[in-house]
Amino acid sequence: MSGICAGRVVVVTGAGRGLGRAHALAFAAEGARVVVNDLGVGLDGAPGADGPAGPATPVGPATPASPATLASPAGPATPASPASPAEAVVDEIRAAGGEAVAHGGDIATDAGAESLVAAALDAYGRLDTLVNNAGFLRDRMLVNLAEDDWDAVMRVHLKGHFLPLRHAAAHWRAEAKAGRTPVARIVNTSSGAGLLGSVGQGNYSAAKAGIIGLTLVAAAELARYGVQVNAIAPAARTRMTEHAFAATMAAPDTGFDAMAPGNVSPLVVWLGSAASAGVTGRVFETEGGRITVMEGWRPGPTADKGARRTPAEAGETALKLLAGAAAPGAVYGA
Ligand SMILES: NC(=O)c1ccc[n+]([C@@H]2O[C@H](COP(=O)([O-])OP(=O)(O)OC[C@H]3O[C@@H](n4cnc5c(N)ncnc54)[C@H](O)[C@@H]3O)[C@@H](O)[C@H]2O)c1
């Protein structure tokens, strides 16, 4: 297949549904061979809930990796079960004339992440792009947020970004050291919740903010190995949003369906292609037909006394500086 990703091998985590599925289809349509990863869990990370999810269940167990989804680090790629969401997306890609394989492992385990990279190398002999996308929600107000809801969400989003990134980066570093510096790309998935905060999503907002920090460090550390790392903060109609934000996410009867997940994918495909050369360490908000470069923390008004202040002086200075500073963006849902 021709296209801006012809010849590239792309891994997309959580690609059995929603945004990840749209990304996988879009990469394949641009000529990439795709490894479609999905563990096939429920909206709250509960295992085996493949059907449309209702509201998140109350405190549940942390997402265990079932033995069937875990490969030994040195072992073969973990196949997805024939009825799995990952396999269904592979079927769609193949039906459209593309190339794809499924991977049913848990990307938030070291073994799952390692076998995901191995799946690309085993199937196609190379890896060019990693899209970290998998995740789920356990929304609660902070006073009701159980330790397990915190751990599960931090694990799937933050660790679930770090581990595939680490294994992919180790492969690319080895390639660079062998004189084959890659044109490698990582696209991470943050959220407006991570950029501005979101009421009822303290765990998710913290994890998604962490993904921005991880993106900045990875972009700086991996540039020498030919790897560019960027992040998106998307919005689209998926099972994660279609009930919680029903009015915003609804498809119109006619005209542009702004909240279709496929609207987010073109930017992801471009960031994942060789065409995005020179773009790294950036964060983009994207939904519908809009793409916004997010400009993050940078120094605002500042004052240096050249000596230690008393608390009262510090307060006086802080208030003076705040008077000249831009107001922060509103927290979602506040
Ligand atoms: N939909 C939005 O508007 C929106 C907004 C901001 C951020 N996001 C982010 O986009 C990403 C995709 O979300 P979505 O809306 O498509 O949700 P989704 O629930 O439709 O898809 C997520 C997929 O990830 C899979 N998954 C979960 N845990 C996994 C694991 N440990 N290993 C492998 N796969 C796993 C699930 O089985 C599911 O198919 C998430 O990171 C989400 O936080 C979405």
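The numbers here are math on the coordinates, done by the rules we state, and not lab data. Keep in mind the model is a prediction, meaning the values are calculated, not measured. FYI the Cβ positions are ideal-geometry reconstructions off the backbone, even for glycines, and counts take in every protein chain you see.
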Projected convex hull area of the range 3-49, Cα atoms, direction-averaged, in nm², equals 3.0 nm²
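If packing is taken as the average number of other Cβ atoms within 10 Å across a peptide's residues, how do 232-239, 320-327 rank, most packed first?
232-239, 320-327
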Treating only Lys and Arg (+1) and Asp and Glu (-1) as charged, each at its beta carbon, one finds that the range 9-323 has a dipole about its Cα centre, in Debye to the nearest 20, of 980 debye
Any lysines whose Cα falls less than 27 Å from that of Lys305, other than same-chain ones fewer than 8 residues away, would be Lys320
Descending packing, highest mean Cβ count within 10 Å first, for 204-216, 4-16 is 4-16, 204-216
Note on the range 117-184: C-alpha Rg/Rh, Kirkwood Rh, two decimals, gives 1.18
Relative contact order as a percentage, the range 9-323, C-alpha pairs under 8 Å and 6+ apart, gives 17 percent
Taking the chain and counting helices only, DSSP H stretches of n ≥ 4 at -39,500 (n - 2.57) each over all residues, the nearest-500 ellipticity at 222 nm comes to -10500 deg cm²/dmol
Measuring from the longest principal axis of the C-alpha atoms of the chain, the long axis of helix 202-222 (C-alpha) lies at a number of degrees, nearest 10, equal to 80 degrees
Projected area averaged over all directions for the convex hull of the alpha carbon atoms of the range 189-287, nm², comes out at 7.2 nm²
Using alpha carbon centers only, the range 225-262 is separated from the range 103-134 by a whole-angstrom value of 24 Å
Computed over the range 9-323, the Cα gyration tensor eigenvalues, each multiplied by 5 and square-rooted, give semi-axes in Å (largest first) of 33, 24, 20
For the chain, percent of DSSP beta bridges that are antiparallel (nearest 5) comes out at 15 percent
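Using the C-alpha atoms of the range 214-263, what convex hull volume per residue, in cubic angstrom, is computed?
Taking the convex hull of the Cα positions in the range 214-263, it is 102 Å³ per residue.
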Cross-link reach from Lys159 to lysines, straight Cα distance under 28 Å and at least 8 residues apart if same chain, gives Lys177, Lys208
Contact order relative to length for the range 82-125, counting C-alpha pairs under 8 Å separated by 6 or more residues, stands in percent at 26 percent
Ranked output for segments 278-291, 121-134, 144-157 by mean other Cβ atoms within 10 Å, highest leading, reads 121-134, 144-157, 278-291
